[in-house]
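Step one of this worksheet: look at the structure below.
No lab work stands behind these numbers, since they all come straight from the coordinates. Computed from a predicted model, the values in this text were never measured in an experiment. Glycine gets a Cβ as well: all are built from the backbone with ideal geometry, and neighbour counts include every protein chain shown.
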């Protein structure tokens, strides 16, 4: 009897954890893009650390953050895909509607 009661209490917590995970997934790409922008704009003081700094318009950290942003863009693509599929579904109308 106690096993079933614990399972019923754990189910809403699992749903909340999944929702939090989705929000964190959506937060990753913009956060990394912002960090890439900040490190690219503020890279003038960090040029002495990089060996190829005069040849590259963007420093190594900005490039890393930009790549991380691109790798974490999939939750956004899934969200936009689901919205476009939801928008394209037609509602069947019957005669007289």
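A few remarks follow.
- A simple spin-label model places the labels of residue 16 and residue 83 2.7 nm from each other, with each point 7 Å out along Cα-to-Cβ.
- Fewest-first ordering of 83, 22 by other beta carbons within 10 Å of each residue's beta carbon gives 83, 22.
- Fewest-first ranking of 32, 71, using other Cβ atoms within 10 Å as the exposure measure: 71, 32
- Neighbour-count ranking [beta-carbon atoms within 10 angstrom, fewest first] of 66, 20, 79: 20, 79, 66
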